[in-house]
Amino acid sequence: MLKPKILPDDIEGLSFIDYRKMFIKELKRMKAACSEPGQTTNFMIMTEWNFPDLPGKELPFVVIGDFRGTWEKYYKNTARKRSQKDFAFGNASFGKETQQGEELNLEIRHGRIKTKGARAFDKVILSKVGLCANVIDKGGADSEEPESDGAEATVAKNGAVTSALGATFGNSAKPKQEKTPKKEPAKNKEERIVDIKAQSGELKKATEEMKAKFAVIKNEVSGKVKKDNLARKDLLAVRELQEAYKAYVEAFENADPKLQEKFSAAKKALDKQNKEFAKLALVVKAKKKTLAEQLADKFFEKNGGREANKEEVAQMQQSLKAAIDYRQITLREGDEKQLNLKAIYISAKMKGPAFKNNHTDLVYERLMQPK
């Protein structure tokens with residue numbers, strides 16, 4: 001079973017850059033789990049999703065993995081109610097090698113994938129890892145419930161018993177009938193002009209927003225560096241600006257060549273600001289302590305009146321990583337996630353760099369006791 005590591009709670013506020021990194025890791029996990037011909041997992045797609053770091057841009061949001069549970073509810077209660085009718089789910093598998101790359105088969109069981117959305121999925125995500133989308137439309141309806149055979153339960157191929165709805169979401173043993181997506185008719189001159197005008201407006205807005213973001217960092221963070229008064233929020237602001245600039249550059253490179261020429265001077269000015277900002281970012285990162293450094297220093301200040309040395313910080317980093325894996329933080333949500341993280345931090349403060357996983361169990365049990 002390939003359980004998605006991207007969860008519905010992760011969607012709001014997730015930048016495209018971060019999402020793409022996460023999704024490419026999910027593709028690698030799928031490659032390992034579905035290495036044999038015919039092996040499939042589920043997928044869900046919304047082709048016109050708006051990411052906060054690319055305002056006004058409609059890009060695909062795709063999730064792969066077993067959909068029983070939170071994603072099944074999200075699809076039924078949220079995705080399928082989108083007015084754009086840009087949603088679909090079904091079975092995903094790897095296909096044959098083509099000149100464009102290895103196929104990622106998307107066999108639709110419900111909804112639809114617009115040709116424009118499939119092309120965008122290819123361009124901004126799959127092409128980066130040598131894949132291309134092969135949409136196989138099984139006649140899914142836009143708004144009807146997924147079809148089932150009416151049975152109370154279905155025995156899946158691996159012997160597990162799933163609900164009739166789960167069987168629809170689950171792996172399909174049927175041979176795939178490859179079908180070439182229909183080509184959209186070429187746009188006429190007037191339509192191309194409308195597209196370029198829209199792109200021009202988006203690029204102008206993105207350019208002005210980047211100028212404003214650089215100005216904010218220069219005014220708010222530069223002074224704190226000189227006064228050695230940095231806080232964690234300053235480090236986060238620097239990271240966000242770095243990600244925003246990467247997204248801006250990608251948007252510029254994907255724009256029409258005529259627009260690239262029109263905005264080339266503004267782009268060069270932003271490139272210059274980014275070089276100056278890169279130096280500031282290095283200083284901020286050097287001055288701001290990591291979480292491992294903060295926790296190790298607090299422990300030794302309390303128990304020895306000194307700061308932690310490099311070896312102790314490294315040990316704290318290892319202990320934190322082990323505890324995060326042990327408590328399965330990436331799979332938890334909401335208050336449960338916060339309580340488990342709190343158990344880790346308290347254990348680190350109490351026991352120091354050498355804290356063990358069983359210490360987090362004891363703290364967690366105390367936190368769960370009624371007050």
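We did not get these values from a lab; they are worked out from the coordinates using the rules stated. All figures in this text were calculated on a predicted structure; none of them were measured in a lab. Cβ coordinates were reconstructed from backbone atoms using ideal geometry, including for glycine residues, and neighbour counts include every protein chain displayed.
Please give the FRET efficiency for residue 268 paired with residue 29, using the beta carbon to beta carbon distance and R0 = 45 Å, rounded to the nearest 0.05.
On the way: r = 40 Å, r/R0 = 0.89.
E(calc), rounded to 0.05, equals 0.65.
Picking from 308, 338, 360, whose Cα lies most toward the positive end of the charge dipole for the range 264-371 (charges on Cβ: Lys, Arg +1; Asp, Glu -1)?
Going by the Cα projections, it comes out as 308.
Scan around residue 53 for amide H atoms under 5 Å from its own, H built in the peptide plane at 1.01 Å from N, and keep only partners 5 or more places away or cross-chain.
16
Alpha carbon centre of the range 302-371 versus the range 22-97: separation in Å?
Here the two parts' Cα centres lie 34 Å apart.
Averaging over every viewing direction, what projected area does the convex hull of the Cα atoms of the range 1-68 cover, in nm²? Can you show the working numbers first?
Numbers: hull surface 18.9 nm².
The number I arrive at for the range 1-68 is 4.7 nm².
Along Cα→Cβ, 7 Å out, is where each label goes; now give me the distance between the ones at residue 220 and residue 337 in nm to one decimal.
Each label point lies 7 Å from its Cα, and together they span 2.3 nm.
Give the long-range amide H neighbours of residue 112: residues separated by 5 or more places, or on another chain, with amide H under 5 Å away, using H modelled in the peptide plane at 1.01 Å from N.
Sorted by chain and number, the residues that satisfy this are 87, 88.
Starting at the first residue of the range 52-63, write each ³J(HN,Hα) from the Karplus equation 6.51 cos²θ - 1.76 cosθ + 1.60 with θ = phi - 60°, in whole Hz, x for Gly and Pro.
For the range 52-63, the Karplus curve yields x, 8, 10, x, x, 9, 9, 10, x, 10, 10, 10 Hz.
If N is the number of residues in the range 291-368, what value comes out of its Cα radius of gyration divided by 2.2 N^0.38 Å?
Working: Rg = 12.3 Å, N = 78, 2.2 N^0.38 = 11.5 Å.
For the range 291-368, the normalised Cα radius of gyration is 1.07.
When the convex hull of the Cα atoms of the range 33-93 is projected onto a plane and the area is averaged over all directions, what value comes out in nm²? Present the calculation step by step, with values, prior to reporting the outcome.
On the way: hull surface 20.3 nm².
Computed as one quarter of the Cα hull surface, the answer is 5.1 nm².
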